[in-house]
Amino acid sequence: ELDGPECDVAFSKGSWLAVVLRELLLNAGEAAGADGKVSFSWKPEAGGFVFEIANGGASFPTDIPLDPPQPFHSPKSRHDGIGLSIAYRICKDASFGLDLRNGRGAGASATVRIPPGELLNGKE
């Protein structure tokens, strides 16, 4: 459930959405670095909902497959490289859209699109 001036909405697969957003935020935070910035925004769109997470630090490495993200591809020695693939698989199974893009010059973004049928708006 989200609370704020933009909306008051609940999602039928909210627990899965929370996992996806957590994975994407962790990746963005790590890529941004200690002095970098991460932005997180959400808005209603076309009867559904859109979340966007972006960082101003590192882009997705070019040697990591993003469409779809493949597990166990990570340039970081202490990571297993499954975060993006988990987010992708959840989005696919939940009928959410996921778009991963590199920024111009630096940074990267992830957009999660929730279709209209997933919004509860207080109604079961």
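The values are calculated or read from the model by the stated rules, or taken from the named source; none is laboratory data. Small disclaimer: the values here were computed from a predicted structure and weren't measured. Using ideal geometry, Cβ is built from the backbone for each residue, glycine included, and neighbour counts are taken over all protein chains shown. What goes into the accessible areas is simple: the full protein's heavy atoms, side chains included, and nothing from ligands, DNA or RNA. Shrake-Rupley method; radii C 1.70, N 1.55, O 1.52, S 1.80 Å.
Looking only at segment 15-35, how many residues end up being outside any helix (DSSP H, G or I), of a type outside the set (A, V, I, L, M, F, W, C) and either open to solvent by less than 30 Å² (accessible area, probe 1.4 Å) or without any contact (Cβ under 8 Å) to a residue 24 or more places away in the chain (or both)? Quick ask: steps written out before the conclusion?
Step one: list which residues in segment 15-35 are outside any helix (DSSP H, G or I), which gives 33-35.
From what is left, the residues that are of a type outside the set (A, V, I, L, M, F, W, C) are 33, 35.
Narrowing further to those that are either open to solvent by less than 30 Å² (accessible area, probe 1.4 Å) or without any contact (Cβ under 8 Å) to a residue 24 or more places away in the chain (or both): 35.
Result for segment 15-35: 1.
Can you pull out every residue in segment 103-119 that is more than 20 Å from residue 16 (Cα to Cα) and part of a loop (DSSP other than H, G, I, E, B)?
Of segment 103-119, the ones more than 20 Å from residue 16 (Cα to Cα) are 103-108.
Of everything in segment 103-119, those that are more than 20 Å from residue 16 (Cα to Cα) and part of a loop (DSSP other than H, G, I, E, B) turn out to be 103, 104, 105, 106, 107.
Just name the residue that is surrounded by the fewest Cβ atoms within 10 Å (Cβ to Cβ) out of those in segment 36-93 that are modelled with pLDDT of 80 or more and among the basic types (Lys, Arg).
Residue satisfying both the conditions and the ranking: 43.
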